[in-house]
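Scroll down for the structure; my scribbles are underneath it.
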Protein chains: 2
Amino acid sequence: MSSPSSPAKPPTRTPTRGRPPKLDPDRTIATALDLLNEAGLDALTMRRLAEAMGVQAGALYRYFATKQDLLTAMAERMLADRDTAAPEGAGQGWDEELAGLARALRAALLRHRDGARVFAGTYSTGVNTLGFAEALIGTLREAGFNSGDAAQAMLAVVSFTLGHTLEEQAALSGEAPADPERLRQAVTESAFPHLTAAVPVIADADFNAHFEFGLRLLVDGLRALER
Amino acid sequence: MSSPSSPAKPPTRTPTRGRPPKLDPDRTIATALDLLNEAGLDALTMRRLAEAMGVQAGALYRYFATKQDLLTAMAERMLADRDTAAPEGAGQGWDEELAGLARALRAALLRHRDGARVFAGTYSTGVNTLGFAEALIGTLREAGFNSGDAAQAMLAVVSFTLGHTLEEQAALSGEAPADPERLRQAVTESAFPHLTAAVPVIADADFNAHFEFGLRLLVDGLRALER
DNA sequence: ACCTGAACACCGTTCAAGT
DNA sequence: ACCTGAACACCGTTCAAGT
């Protein structure tokens with residue numbers, strides 16, 4: 001119907017007409033997350049991101065005042081994958097609901113290379129980040145915990161999950177820094193009898209099992225608090 | 001007795017004679033930790049460290065192949081402050097011993113600006129780092145836990161402590177990124193009822209209480225595992 | 001053996017100027 | 001309004017050359 005036969009007078013209705021912007025925040029964040037997956041956090045530079053967007057580096061600063069702001073937006077976006085509509089493990093008791101939320105956070109961080117490092121280095125107050133906290137605290141309060149305990153439990157779960165995933169991704173994505181062989185060698189050289197006995201469990205790098213163990217401790221600890 | 005009266009022939013015994021090296025690894029690490037405290041991790045550059053050592057930047061690479069290696073040595077040194085001789089909370093039962101070790105790790109990280117970030121970004125296999133793991137695993141094994149549980153519990157305690165201290169230092173050392181006021185505002189703007197109820201506890205920033213709460217959950221969780 | 005000087009290949013960020 | 005071009009003040013790392 002309104003197909004433009006002659007572009008004499010540009011219609012004022014469609015504001016993206018004339019010169020459509022090459023840059024928009026959403027696509028920039030998406031491209032940055034792609035670049036993160038391909039090259040890692042250390043290689044994610046404003047200049048390389050600009051190149052990927054077909055633009056000069058300085059142009060990025062029209063939408064993000066600083067690289068930190070971009071990273072914060074990326075961290076916030078990472079948590080968007082969570083199923084906010086149907087809470088994980090719903091209708092299975094607060095313990096499984098809580099575990100489901102912790103697993104969802106870990107999964108969201110694992111979904112992107114260096115995801116935990118990005119998350120740890122930023123402080124988002126976006127809906128996804130706050131929504132996660134809301135869900136976790138809500139689960140516990142509705143189970144009868146007071147808001148103080150619920151809040152502190154949420155902080156403990158987030159700290160543990162962040163710390164765990166940080167080490168997990170450092171061990172995996174790292175080229176060589178977290179070499180399990182170097183650990184084995186260093187342990188046997190020094191005289192660490194207890195560590196020597198434990199090294200098969202540590203060096204097997206079964207991160208799922210390690211995460212579940214720590215998560216279980218936190219959940220059981222909360223159950224003990226219930227009386 | 002053997003005081004050098006005339007330096008005619010440099011004695012082959014004292015190798016530090018002639019031209020004493022301006023650089024040695026120990027002093028370099030100590031200076032780097034000082035610089036870290038004064039300026040923070042982002043301002044800790046090889047060039048600024050070289051300046052503080054009275055040397056050209058390239059000279060640092062004779063003792064540290066890369067900046068990562070320097071940071072790893074710094075992380076290892078940070079844990080040296082721990083009382084390795086007398087384990088924290090010794091003779092008070094495994095639970096207080098474990099808590100003492102976790103508190104010592106947090107204290108060691110807090111002792112330096114961005115200490116948790118330095119620790120998180122490196123992977124040391126030095127005696128201090130391994131000695132800490134040895135002490136924690138030893139405490140649990142001697143209390144009757146099997147080596148698998150002891151190892152996984154150690155990983156959980158380290159992950160939680162690291163994650164917690166990371167957030168603590170980000171909130172404190174950060175110029176503005178972790179503004180509690182911004183959190184309050186963001187929470188009340190959106191509709192997060194549970195979070196609204198919990199925000200006084202979260203935003204009070206009583207990190208000691210938050211750490212002790214999480215630590216208690218882990219310890220109680222381990223007690224539940226004991227049967 | 002230990003360090004200097006100087007370079008290489010980058011960074012994040014700013015800002016006048018163009019369209 | 002949106003982006004370019006170009007600069008500023010830096011980076012980590014390498015390496016011939018000096019002493």
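Structural remarks
- Site pair residue B:62 and residue B:225 shows an inter-label distance of 4.9 nm when each label is modelled 7 Å from Cα along Cα→Cβ.
- Nearest-to-axis residue in chain B, judged by Cβ distance to the rotation axis that brings B onto A and given in whole Å, is B:163, 2.
- All distinct Cα pairs of segment B:50-167 go into the 1/r average, and the inverse of that average, the Kirkwood radius, is 15.4 Å.
- Exposure ranking of A:103, B:111 by accessible area [1.4 Å probe, largest first]: B:111, A:103
- More than 39 Å apart - percent of Cα-Cα pairs taken over the protein assembly as shown: 29
- Other copies of residue B:227: label-to-label distances in nm, shortest first, labels 7 Å along the beta-carbon direction: 2.8
- Segment B:93-223, relative contact order [Cα under 8 Å, separation at least 6], %: 30
- Helix axis angle, A:94-110 relative to chain A longest principal axis, alpha carbon, degrees: 60
- Note on residue B:53: accessible area is roughly 10 Å² with a 1.4 Å probe, heavy atoms of protein only.
- Since only A:151, A:119, A:137 are under comparison, the one whose Cα sits farthest along the positive direction of the charge dipole of segment A:24-156, derived from C-beta charges on Lys, Arg, Asp and Glu, is A:119.
- Whole-percent pair-distance distribution, where bins are 5 Å wide, for the alpha carbons of segment A:93-223: 2, 9, 17, 19, 16, 14, 10, 7, 4, 1, 0
- Share of carbon and sulfur in the accessible heavy-atom surface of segment B:93-223 [1.4 Å probe, %]: 52
- 1.4 Å probe accessible area per residue over chain A, in Å²: 51
- Around residue A:124: net Lys/Arg minus Asp/Glu count, Cβ-Cβ under 10 Å: 0
- Each Cα pair under 8 Å and six or more residues apart adds its separation to the average, and for chain A the resulting relative contact order is 16 percent.
- Chain A: Rg to Rh, with Rh as the Kirkwood radius over Cα pairs: 1.11
- Segment A:90-156 versus segment B:182-227: alpha-carbon centroid distance in Å: 11
- Inter-chain neighbour count for B:128-135: the average number of beta-carbon atoms from partner chains within 10 Å of each residue's beta-carbon is 4.
- Karplus-derived HN-Hα couplings along segment A:208-217 (A = 6.51, B = -1.76, C = 1.60, θ = phi - 60°), whole Hz, x at Gly and Pro: 4, 5, 4, 5, 5, 4, x, 4, 4, 4
The values are calculated or read from the model by the stated rules, or taken from the named source; none is laboratory data. The structure displayed is predicted, hence computed values, not measured ones. So basically every Cβ, Gly included, is an ideal-geometry build from the backbone, and we count neighbours across all protein chains shown. The area values use the complete protein model at the heavy-atom level, side chains included, leaving out ligands, DNA and RNA. Shrake-Rupley method; radii C 1.70, N 1.55, O 1.52, S 1.80 Å.
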